[in-house]
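Asks: Before I ask anything, let me first share the structure, which is written out below as structure tokens.
Just so you know, all these numbers are worked out from the coordinates, no wet-lab data involved. Note that the structure is predicted; figures quoted are calculated from it, not measured. No Cβ is skipped: glycine too gets one built from the backbone with ideal geometry, and neighbour counts run over all protein chains shown.
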Amino acid sequence: VTSKQNKIIDMLDEVRNHNLYVHNDLLEGANFSISAFENRKVYLVETLATLNAIVTNGTMLLYGGHGGGKTTLIKKLGEIFLSKPEPDIEKAILRGHPQLTEEKILGSLNFKQILSPDLIPDDGDIEVQWNHFVKSRWKIVDEVNRLKPYAQNILLSLLAEGVVK
């Protein structure tokens, strides 16, 4: 068993031991190929979320009723995969609501430079102060259904392509 395999198993144990996700449908026909884990149950959501977290630039959408543990599961995965404390993961959560603007999602111009033009570099470009959500490798959008279509398009473009259109 490699260290990466152990890390994944440890993460799955953490999710299971804390009952972080209550929708535990089994992934039919799936078994661990490692003999030490061959009798271990393979759950659909935690397996797909873990696999997606391993994939470079992977994105996932968890949906379900209120209180199912979707946000808690993804926060815990972020803590484990990024080796960061929960407060750092919390900073990158974007909570959906109809008034969410492009500036609140992405960032804003450096107001110090706007107010003091002598701070603007010679090339004339004003710096952008990116929000934690944009800078983080682990992005969580909670309550995406509450966003207006304009904000949803910004997010989908950022998550799918890494750019905002």
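Asks: Scan the range 75-159 for trypsin sites (Lys or Arg not before Pro) in coil per DSSP, keeping those whose Cβ has at most 14 other Cβ atoms within 10 Å, and list them by number.
Replies: ARG137
Asks: Take the chain, connect every pair of alpha-carbon atoms lying under 10 Å apart with a spring to form a Gaussian network, then pick out the residue of VAL45, VAL134, VAL55 with the largest mean-square fluctuation.
Replies: The residue with the greatest mean-square fluctuation here is VAL55.
Asks: For the range 30-104, which chymotrypsin sites (Phe, Trp or Tyr not before Pro) are in a loop by DSSP, counting at most 16 other Cβ atoms within 10 Å?
Replies: PHE32, TYR63
Asks: Next question, about the same structure. Taking square-rooted eigenvalues a ≥ b ≥ c of the alpha carbon gyration tensor, is the range 1-84 rounded, prolate or oblate, where a/c under 1.5 means rounded and, failing that, a/b exceeding b/c means prolate?
Replies: Oblate.
Asks: May I ask you to list the chymotrypsin sites (Phe, Trp or Tyr not before Pro) in the range 109-165 that are in a DSSP loop and have at most 10 other Cβ atoms within 10 Å of their Cβ?
Replies: Filter output for the range 109-165: empty list.
Asks: ASP88 to ALA30: extension gain in nm, 0.36 nm per residue of separation minus the Cα-Cα distance?
Replies: Extending this stretch completely gives an extra 17.5 nm.
Asks: Arranged by the count of other C-beta atoms within 10 angstrom, fewest first, what order do VAL141, VAL128 take?
Replies: VAL128, VAL141
Asks: Between ASP118 and ASP142, what is the spin-label point distance in nm, taking each point 7 Å from the Cα along the Cα→C-beta axis?
Replies: 4.4
Asks: Which residue fluctuates most in the GNM of the chain (Cα springs below 10 Å): HIS97, HIS18, HIS66?
Replies: HIS66
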